[in-house]
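Structure first, commentary second.
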Amino acid sequence: MNLHPLLVHLPIGTLLLAVLFQYISEIERYRLLKPALPWLFGTGAVSAILSCASGWWLASGGDYDADTLYWHRWLGILTAITATGCFFFPFKSLSALTALALVCAGHYGGALTHGSDYLTLKPDAGTKRPADPGQAEIYKDIARVILSEKCVSCHGSGKQKGGLRLDNPADILRGGDSGAVILSGQPDQSELIRRCYLPEGHEEHMPPKGKPALTAAELEILQWWISQGTPVNMKVQEANPAPPIRKLIDQWCNNGREKAPEISIVPDENPVAASPGLILRLKQAGVSVTPVSSASHWLRVSLVNLPQPADSVFILLTEISPQLLTLDLGRCSISASSFGMLNSFTQLTSLSLAGTNITDGQMSVLSAMKQLRVLNLSGTSISAAGLQKLTSLRNLRTVYLDRTGINPADWPAIPGARFDSGGYELPVLPSDTTRLTGAEK
Ligand code: HEC
């Protein structure tokens, strides 16, 4: 950790105060302030020197804009020298020069950390979400806004970490120190996308730990932009995105920056209906099968009445897998061969395995469930290693892990997913108990 950003505020405060005191102590009423001057200039000079040293070290490891850094560095050093001078020879002209150098050094320092336009930039400038998604330009109104919200603080005009700028199309396509970060048409091969999908703790994950990550929708949109050939002047409508992408774009545009787009459990498309004969056989086997709504062919299935379902039940279930949307296997004892059949349930959006005998090894069958949004693993013996098998499930939104004892530090990083370890306890209110103490006789 570098203390420079913290340290620099000390000379700014003390030296400005010293100069102010020096000038007003000329006034008879404030003569008393004079003895404070050596103290203030002294502290200011020492902290300015420490700031220079820590700053020099910080600059050597960072990728800052060279011109801005040049001025910041030398004005900072000038400040340290003149402040030391003021300690020994408190001339007013020297202290005026100190204040001037200090203010200018501070200004360039601000430009280094916040970008060169930090004084004039309004928080919302240029990052407004477009009102009409169809007419929005994919780069200017969407991709640029996403990158400027999440990446440009380190990859912009002030700093170019990794030699990469992400605030204009030419630099985005040029790439960084390790070459191109976008392969137009091939999002899967693009370094920029790869880094965003790494687990949060990974040292190459972007943005680095502690900075707000891209939401799942933002990542999908950026990937789609790259898959279209990274166009710079194309409108959303002209690119004619597939309905799911168009939906994400619409939601992103409407949602402002706080809320992540809701992804519904029930897809828009209705599958063909499952054969009534099959449903009947499932019901006869004790399986609860209901449509998710009266107009829908999607099915909700629960094995709540079958604590030890036979393999034959799972074979029947694989036959309704095109319609199987939610499946509750809670507290079932499931055979290894039945577990193997789970990988044909590719349409599932919600699955409960709470209290089942699933093992870490068997977790890999879940990776076929690309649509899975909600997964309940409460009360299972899954460990952190088993959870890692979920990382390919990019649609996951909620994973329940009550009574698994998995350390939150070991939760895998899945963009947009929330892990819930349960264990909620309600505080006992005094009134809860006094009511129950029994009537007094
Ligand atoms: C807090 C600062 C910070 C933020 C915010 C940030 N990055 Fe980075 N980025 C870095 C640093 C530091 C490096 C260089 C170290 C490394 O290669 O991991 C880097 C390197 C990269 C590289 C590799 C460049 C190369 O050629 O080596 C890519 C790609 C990248 N970042 C993409 C992004 C994207 C996309 C975002 C926004 C989602 C982002 N970064 C946000 C600090 C940041």
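The values are calculated or read from the model by the stated rules, or taken from the named source; none is laboratory data. Just so you know, these numbers come straight off a predicted model, no measurement behind them. Note that we place each Cβ from the backbone using ideal geometry, even for glycine, and neighbour counts take in every protein chain shown. We work out accessible area using only protein heavy atoms, side chains counted, and drop any ligands, DNA or RNA first. Shrake-Rupley method; radii C 1.70, N 1.55, O 1.52, S 1.80 Å.
Below are the figures for this structure:
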| quantity | calculated |
| --- | --- |
| Residues (of a type outside the set (Val, Ile, Thr), assigned to a helix (DSSP H, G or I) and modelled with pLDDT of 90 or more) located in the range 185-221 | Pro187, Asp188, Gln189, Glu191, Leu192, Arg194, Arg195, Cys196, Glu218, Leu219, Glu220 |
| Hits in the range 230-245 - residues which are part of a loop (DSSP other than H, G, I, E, B) and without any contact (Cβ under 8 Å) to a residue 24 or more places away in the chain | Asn240, Pro241, Ala242 |
| Filtered residue count, the range 268-315, keeping only those that are without any contact (Cβ under 8 Å) to a residue 60 or more places away in the chain and either part of a loop (DSSP other than H, G, I, E, B) or polar (S, T, N, Q) (or both) | 30 |
| Condition met for Val152 (touching a helix residue (DSSP H, G or I) at 6+ places or on another chain (Cβ under 6 Å) and not in a helix (DSSP H, G or I)) | no |
| Subset of the range 286-305 [at pLDDT 90 or above and open to solvent by less than 40 Å² (accessible area, probe 1.4 Å)] | Gly286, Val287, Val289, Trp298, Leu299, Val301, Ser302, Leu303 |
| Qualifying residue in the range 246-256 (condition: in a loop (DSSP other than H, G, I, E, B), within 22 Å of Arg373 (Cβ to Cβ) and either assigned by TED's automatic domain parsing to the domain that holds Ile315 or open to solvent by less than 60 Å² (accessible area, probe 1.4 Å) (or both)) | yes |
| Residue ID - surrounded by the most Cβ atoms within 10 Å (Cβ to Cβ), chosen from residues in the range 51-89 that are aliphatic (A, V, I, L, M), modelled with pLDDT under 95 and touching a Leu at 6+ places or on another chain (Cβ under 7 Å) | Leu69 |
| Test set (1) outside any loop (DSSP other than H, G, I, E, B); (2) open to solvent by less than 10 Å² (accessible area, probe 1.4 Å); (3) under 27 Å from Val272 (Cβ atoms) - Leu372 fails condition number | (1) |
| Count of residues meeting criterion [within 13 Å of the ligand (Cβ to nearest atom), surrounded by 14 or more Cβ atoms within 10 Å (Cβ to Cβ) and either over 12 Å from the mean Cα position of the chain (by Cα) or β-branched (Val, Ile, Thr) (or both)] in the range 195-245 | 7 |
| Sole exception among (1) open to solvent by less than 50 Å² (accessible area, probe 1.4 Å); (2) touching a residue at least 40 places away in the same chain (Cβ under 8 Å) for Ile12, by number | (1) |
| Of all residues in the range 1-39 being β-branched (Val, Ile, Thr) and within 35 Å of the chain's Cα centre (by Cα), the one that is modelled with the lowest pLDDT | Val8 |
| Residue selected from the range 172-194 under the condition of a type in the set (D, E, K, R) and surrounded by fewer than 16 Cβ atoms within 10 Å (Cβ to Cβ), by the criterion farthest from the ligand (Cβ to nearest atom) | Asp188 |
